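Beneath this line is the structure, given in structure tokens, with notes to follow.
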Amino acid sequence: MDKSDVARVLAQIAALLELKGENPFRIRAYQAAARALAAIPGDLRAAHASGALGETSGIGPATLEIVDELLTSGRSRMLDDLQDQVPPGLTDMLRISGLGVAKVRQIHESLHVDSLAELEEAARDGRLARLPRFGPRTAEKILKGITFLRQASGQRLAHHARAEAVALAQMLSRLTGVREVHLAGSLRRHCELVRDLDLVLVAERDDESLHARLREAAGAVETARGGGAVSLRLEAGAAADLYPCTRDTAGWVLLRATGNDAHLAALRERAAAGGLRWEDDGLYRGDQALPLPSEQAVYDVIGLPWIAPELREGHGEIEAAVAGRLPRLVERDDLRGFLHCHTGYSDGTNTVREWADAGIAQRYAYLGITDHSPATAFAGSLQPEHVPQQHREIDAANAAQSGIRVLKGVEADILEDGSLDYAPDVRRAFEFAIASVHTRFGMDRHGLTERVLRAMDDPTMTILGHPTGRLLLSRDPFPLDLDRVFARAAERGVAIEINADPQRLDLDWRDVRRAAAAGVTISIGADAHGTAQMSHVDLGLGIARKGWLEPQHLLNVRPVDEFLAFARRRRP
DNA sequence: GCCGTTTTCGGCCCGACTGTTTTCAGTCG
């Protein structure tokens, strides 16, 4: 149970209360508590023990009691009770875009629908469209939403999957005879979505008694064996494929459990060409099994350099390895600048000073603060009259701190006509600007593309933020003509963001590589609303690496003077 | 449920869009 688990429980409680028709302000309080809890700095247990949690705004006695219960027993009685009272299908229905609590309740009460399957039936046979304030378009939209949910089912956002996998790995590493546990599969490849958790267990002996211990492992409710893997389903809902092995075969098993099918097929082809036999339990030269204790050893015998897990997608990495042209992928230590964060001036939870301190702790040389412009009213935004005050705070932080430079940035809205929010003189007061689309996604491909292209003509724009607006598992990217956007960005010297918010990871890694090939400079933006979200950068880095990016492709690898020169270059 | 007092209760964020309506409730960000 960490912060995000507890925050999820609180958010679930809020949704269930809403479905029951509770007092909206009580519901909002649980939602606020969930947000506040997710944003606290440091470890939850420590914050709870020290009493800091109770001091946090938005967290009161009721929340504290739930946190207490979750930390000691892993369960919440309130949540359990609510789940007994509300049909589970109703919470599934809430995840459909366009369906909120009021409509779900209306559907439930007037049509007695309480599962997705029944909802689908009601949408198809016309009952749904006949409800007051519903109609054919609503029914159609709901059918589309059900399809979307089905596709997404079983898929998890990378950071949720990672948290589950790490907890599982810790539990498994305590089993007798287990020496090491490694994350593998799409998680290790840093994919944006993860369906199955794959873990490799290096044990003293891979025998029946180990498998028996796995089956009896804490919380396992169902196990199955097949293809050398043990599938485990845990009480908490996580399902994982475990690959037990010994030290002698660890490299082989880890490599097989990590690469996608295309990567493995290409490796296999190359192994065959080199006279090797590829079997489930290892590589053979004649009848001789080769020792494969590390991935390096496997690549060695196939005659290739080690290939970073992020690249193992079958997108030309084998050819590049053969030619000695694998990229020198960007690493965390290459990053000098932390960009895209929000303070209390808009919808963030920390002050300028707190951000500066956090930036120092994370060894960044500079940190760009970028609050929302007024058009993003729902997020709370930095009003023009408050800009001088924020800038004085930044100047004070710079005067007081040593070792970090805080930059005056902004996340300005790209308005419907392609102009940027704020009057030009206000915008010029900022040292750099991220510009993003937050409203009117419904425009057609041509209109949206023209809107973004026009924004890039503005000389105060430095970076295009979350370019396609997608929300993983809930909203498709909007239909932007990326080729035209990349071409214009390269021509104008506008950088394009990899937004590292785990729900966005936008630009998609497949497009990152195209953008870099088109000559676009890429910027990794955390889009953090609290210092606890600084680690999002690691997810963004994973996407950059999947896009084959080297340090020279990235804007925030550059020293602060070069970063500012990049931002100023286009200004008159 | 939480906050902040006018300190033990009263107030709690809102504008735009959508698909319905024929004036607006519900959803979203």
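Give the distance, in whole Å, between the Cα centre of segment A:263-280 and the Cα centre of segment A:362-399.
54 Å
What is the Cα radius of gyration of segment A:375-441 over 2.2 N^0.38 Å, N being its residue count?
1.24
Using unit Cβ charges (K, R positive; D, E negative) and no other charged atoms, how large, in debye to the nearest 20, is the dipole of chain A about its Cα centre?
So the dipole magnitude of chain A works out to roughly 940 debye.
Quick one: Karplus J couplings for segment A:174-180, per residue in order, coefficients 6.51, -1.76, 1.60, θ = phi - 60°, nearest Hz, x for Gly and Pro?
Each residue of segment A:174-180 in turn: 8, 5, 4, x, 8, 8, 9 Hz.
Give me Rg over Rh for segment A:69-151, both radii from the alpha carbons and Rh done the Kirkwood way, two decimal places.
1.08
How long are the semi-axes of the equivalent ellipsoid of segment A:485-572, taking √(5λ) for every eigenvalue λ of the Cα gyration tensor, in whole Å from largest down?
21, 17, 11
Given axes a ≥ b ≥ c from the Cα gyration tensor, I'd like to know whether segment A:385-481 is rounded (a/c under 1.5), prolate (a/b larger than b/c) or oblate.
In terms of gyration-tensor shape, prolate.
Tell me what chain A gives for mean residue ellipticity at 222 nm when only DSSP H runs of n ≥ 4 count, each as -39,500 (n - 2.57), the sum divided by the residue total, rounded to 500 deg cm²/dmol.
Computed mean residue ellipticity for chain A: -13500 deg cm²/dmol.
Rounded to the nearest 0.05, what FRET efficiency do A:Arg26 and A:His112 have when you use their Cβ-Cβ distance and R0 = 30 Å?
Efficiency, from the Cβ-Cβ distance: 0.65.
If you plug each phi of segment A:279-291 into the Karplus form 6.51 cos²θ - 1.76 cosθ + 1.60 with θ = phi - 60°, what whole-Hz ³J(HN,Hα) values come out, in order, with x for Gly and Pro?
Calculated HN-Hα couplings, in order: 10, 4, 9, x, 9, 10, 10, x, 9, 8, 6, 8, x Hz.
At what distance in nm do the modelled label points of A:Ala429 and A:Asp476 sit from each other, each positioned 7 Å from its Cα along Cα→Cβ?
Calculated label separation equals 4.2 nm.
Once you put a point 7 Å from the Cα of A:Arg247 and another 7 Å from the Cα of A:Thr91, both along the Cβ direction, what distance in nm separates them?
Each label point lies 7 Å from its Cα, and together they span 4.5 nm.
Can you work out ³J(HN,Hα) from phi for every residue in segment A:187-193, in order, using Karplus 6.51 cos²θ - 1.76 cosθ + 1.60 and θ = phi - 60°, giving whole Hz and x for Gly and Pro?
Ordered by residue, 3J(HN,Hα) equals 4, 5, 7, 6, 6, 6, 10 Hz.
Considering only DSSP beta bridges with both partners in chain A, what is the antiparallel share in %, to the nearest 5?
Given both bridge residues lie in chain A, the antiparallel proportion sits at roughly 45 percent.
Whose amide H sits under 5 Å from the amide H of A:Arg405, counting only residues 5 or more places off or on another chain, with H placed in the peptide plane?
Residues meeting the amide H criterion: A:Tyr366, A:Leu367.
Among all the lysines, which ones have a C-alpha under 17 Å from A:Lys20's C-alpha, if same-chain residues fewer than 8 places away are not counted?
A:Lys20 reaches A:Lys103.
Take the alpha carbon gyration tensor of segment A:83-215, find the square roots of its eigenvalues, order them as a ≥ b ≥ c, and report rounded if a/c is under 1.5; if not, report prolate when a/b exceeds b/c, else oblate.
Judged from the Cα gyration tensor, segment A:83-215 comes out prolate (a/c at least 1.5, a/b above b/c).
Dipole of chain A (Lys/Arg Cβ +1, Asp/Glu Cβ -1, origin at the Cα centre): which of A:Val200, A:Met461, A:His48 lies farthest to the positive side?
So the residue furthest toward the plus end is A:Met461.
I'd like the antiparallel share, as a percent to the nearest 5, of DSSP beta bridges with both residues in segment A:429-572.
Antiparallel: roughly 20 percent of the beta bridges in segment A:429-572.
Relative to the compact globular guide of 2.2 N^0.38 Å, what is the alpha carbon radius of gyration of chain A, as a ratio? Before the final figure, lay out the partial values.
Details: Rg = 25.6 Å, N = 572, 2.2 N^0.38 = 24.6 Å.
Dividing the Cα radius of gyration by 2.2 N^0.38 Å gives 1.04.
Place the peptides A:385-395, A:433-443 in order of packing, highest mean first, counting for every residue the other Cβ atoms within 10 Å and averaging per peptide.
A:433-443, A:385-395
Convex hull over the alpha-carbon atoms of segment A:1-127: what's its volume per residue in Å³? If you can, show how the numbers build up before the last one.
Details: hull volume 13.4 nm³, N = 127.
Convex hull volume per residue, Cα atoms: 106 Å³.
Quick check for me: using +1 on Lys/Arg Cβ and -1 on Asp/Glu Cβ, what's the dipole size of segment A:452-572 about its Cα centre, in debye to the nearest 20?
Values: 17 positive and 16 negative charges, 46 e Å.
Taking the Cα centre of segment A:452-572 as origin, the dipole is about 220 debye.
Mind ranking A:333-345, A:551-563, A:94-106 by how tightly packed they are, going by the mean number of other C-beta atoms within 10 angstrom, highest first?
Numbers: A:333-345: 22.0, A:551-563: 18.8, A:94-106: 16.3.
Packing proxy ranking, top to bottom: A:333-345, A:551-563, A:94-106.
Every read-out reported here was derived from the displayed coordinates using simple, explicitly stated rules and does not represent laboratory data. Note that the structure is predicted; figures quoted are calculated from it, not measured. For neighbour counting, all protein chains shown are included, and Cβ atoms are generated from backbone atoms with ideal geometry for every residue, glycine included.
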